[in-house]
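Structure first, commentary second.
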Amino acid sequence: MRLLSEEQTMIRDMAAGFLEEKAPVDALRKQRDNDGGYDRALTGEMAEMGWFGMLLEEEAGGVDMGAEAAGLVAEEMGRRLSASPFLSSGVMSAVTLRATGRTDWAAKVAEGSAVVAMAIDERVKHRPDAIATTAAKSGNGFVLNGAKRFVTDGAGADRVIVTAITEDGLGLFLVDPQLDGAETRDLKTVDSRNAADLRFDNVQLDGAALLALGDAAQEALDGALRVGRSVASAELVGVSKEMADRTSAYLKERKQFGMALSSFQALQHRAADLYTQIQTTDAVVAAALQAIDTGHDDAELLSRVAKAKAGKTASLAVREALQMHGGIGMTDALDIGLFMKKARACAEYLGDGECHGDWLLRQRGL
């Protein structure tokens with residue numbers, strides 16, 4: 001079991017208490033049955049607690065607590081399926097805005113007055129390097145053309161950070177989705193969250209929309225993806241732990257042939273294997289988050305290993321929960337199905353095991 005410092009324990013416990021009261025699984029059920037997405041007022045409360053400024057410097061209104069702290073909050077969100085633009089806006093966009101020196105919008109993210117989404121994918125599968133969107137110079141600004149798919153929290157976002165190809169290489173642009181020529185098609189994801197497909201048809205951008213070009217843009221994007229993968233992995237660890245805890249409790253209370261299910265050796269072995277997988281995953285995710293905070297050379301590799309491993313473990317955890325709960329595990333009355341959908345959606349987000357496995361093989365020339 002991973003050992004936490006006194007400060008980390010305090011962050012985890014505060015997050016757990018807040019989310020249990022304000023954003024439990026029941027809250028997701030209500031949003032699912034209505035419009036999905038997330039609660040703007042609740043996002044503001046989370047911002048007041050400093051969550052959206054965890055990766056921002058104090059000059060931008062942040063608290064600069066680092067990726068490990070963000071991971072602890074994300075894990076508790078995973079335990080409760082809490083709907084929030086924390087990962088998209090408070091983590092990935094915040095890191096990008098910090099890296100590109102945009103303290104004006106970073107401050108808005110930190111205080112919760114604005115949601116900024118990342119528009120980086122154009123294919124069904126995660127391929128941030130496959131960019132067909134272009135930004136051509138036009139006077140003091142640019143003309144943006146192209147499309148982005150499955151932009152998490154893109155529906156209703158105040159701004160989106162768009163990747164595009166320019167004559168100087170990769171460009172990052174802070175785009176108002178309400179501009180003429182910009183079209184947003186709202187989507188509802190399998191885990192009852194919001195997303196959007198975006199299209200840009202000769203959208204006129206002024207010079208202030210440019211965040212970074214060339215190597216600076218690539219470095220900022222890589223940093224955002226690295227942190228995003230690791231924090232998303234922590235959320236998946238939360239999903240896995242919650243499913244394991246609920247399943248363990250059920251096995252202890254449910255009786256068959258006059259004996260608790262937890263007394264059957266076959267089920268004990270399965271529960272023990274799941275516990276081992278979760279602890280291993282927890283350690284890998286912690287290593288990735290620590291590497292990011294310390295600037296270690298292995299941060300990129302560890303973030304990808306963590307994402308691949310966390311997705312696999314969460315899939316195992318929800319499948320075991322479903323099977324060990326028997327027939328009732330299939331019903332909507334239990335939360336298992338909601339956790340299963342979350343595990344599936346989050347495993348795909350920012351790349352699944354195959355995506356990151358292919359990257360690791362390419363690094364070794366295979």
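The values are calculated or read from the model by the stated rules, or taken from the named source; none is laboratory data. Predicted model only: the values in this text are computed from it and were never measured. Glycine also receives a Cβ, built like all others from the backbone with ideal geometry; neighbour counts cover every protein chain displayed. Ligands, DNA and RNA are excluded from the accessible area calculation, which covers all protein heavy atoms including side chains. Shrake-Rupley method; radii C 1.70, N 1.55, O 1.52, S 1.80 Å.
In the chain, helical runs assigned H by DSSP with n ≥ 4 each contribute -39500 (n - 2.57); averaged across all residues and rounded to the nearest 500, the mean residue ellipticity at 222 nm is -17000 deg cm²/dmol. Looking at region 259-364, the chymotrypsin sites (Phe, Trp or Tyr not before Pro) that sit in a DSSP loop and have at most 15 other Cβ atoms within 10 Å of their own Cβ are PHE264.
Could you work out how much longer the chain between ASP186 and GLU21 gets when fully extended? Use 0.36 nm per residue separation minus the Cα distance between them, nm to one decimal.
Details: separation 165, 0.36 × 165 = 59.40 nm, distance 2.89 nm.
Value of the extension gain: 56.5 nm.
Largest mean-square fluctuation among ASP153, ASP201, ASP332, in a Gaussian network model of the chain whose springs join Cα atoms under 10 Å apart, belongs to ASP332.
Subtracting the Cα-Cα distance of MET330 and ILE165 from 0.36 nm times their residue separation leaves 54.8 nm of extension gain. When nucleic acids and ligands are ignored and a 1.4 Å probe is applied, ASP104 ends up with an accessible area of around 70 Å². Among VAL25, VAL190, VAL124, the order of accessible area from largest down is VAL124, VAL190, VAL25, computed with a 1.4 Å probe on protein heavy atoms.
Take the chain with all the other protein chains still there, run a 1.4 Å probe, and you get 44 Å² of accessible area per residue. Ellipsoid semi-axes for the chain, based on the Cα gyration tensor and the rule √(5λ), read 36, 21, 20 Å when sorted largest first. Classification of region 136-233 by its C-alpha gyration tensor yields an oblate form. The axis ratio a/c (a ≥ b ≥ c) is 1.5 or more, and b/c is at least a/b. Ligands, DNA and RNA left out, the accessible area of region 6-114 computed with a 1.4 Å probe is 44% carbon and sulfur. Take every Cα pair under 8 Å whose residues are at least 6 apart in sequence, average their separation, divide by the length of region 21-159, and the relative contact order is 23 percent. Counted over region 11-66 with a bin width of 5 Å, the fraction of Cα pairs per bin, in whole percents, is 5, 18, 22, 21, 17, 10, 6, 1, 0.
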